[in-house]
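Scroll down for the structure; my scribbles are underneath it.
Every number in this text was worked out from the coordinates using simple rules, so none of it is lab data. Keep in mind the model is a prediction, meaning the values are calculated, not measured. Positions of Cβ are generated from backbone atoms using ideal geometry, with glycine treated the same way; all protein chains shown enter the neighbour counts.
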Amino acid sequence: MSYLKEVLIIKDTDRMFSENMGRTHVNANNRDRWYLLFAFKLDGVTEKYLDILLGSVLARTNDDFVYEFRINQTLRGGSSTPTFNSVTDSDFQIAIGTGEDYVDDGDKLYAKYVEGNRYDSNGLPSSVLLSGSDELIITCRPVSTNLDILSSVNWKEIEI
């Protein structure tokens, strides 16, 4: 099933949103684990297009890593599941990774390898339709161990 759709914009909200991790990085120490950076889910609507304009990742250590955009994965946590919070004037809730949250499975929409001590950014080539309990996430996995990573994300919402 293809989640990436070319969209005829019926009503672009003209509002951009942004979130970042601040100075608190994710300690990605297990190279067999996909760590949650950001997760999106619907907040009070049944479906809406999410346009990821730019997602960025910054390795603060000399550890190579791969990051991915995924949909319909299983979110897990060390002691609990990730905490989603409402975003002002948005129809989406967002969860920010803590290093305890990780990801299993899901459909991969985009992936890229990045060298340690580097920065990379990318958006998705088209909007993603989220409906019902769908979740879109940005996740990373270290190639070696002891990766410290920061991330940010910028998005728009498109009315159906």
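List of remarks:
- Once C-alpha pairs closer than 8 Å and six or more residues apart are averaged by separation and normalised to the residue number of the range 15-159, the relative contact order reads 51 percent.
- The alpha-carbon positions of the range 59-127 define a convex hull whose volume is 131 Å³ per residue.
- Put simply, when 85-94, 134-143 are sorted by average Cβ atoms within 10 angstrom per residue, most first, you get 134-143, 85-94.
- For the chain, the share of alpha carbon pairs falling in successive 5 Å distance bins from zero is 2, 9, 20, 23, 21, 13, 7, 3, 1, 0 percent.
- Two-site FRET efficiency, Arg31 against Thr88, from Cβ-Cβ distance with R₀ of 41 Å, rounded to 0.05: 0.65
- Cα-based Lys pair tally, the chain, threshold under 17 Å, eight or more apart or on separate chains: 8
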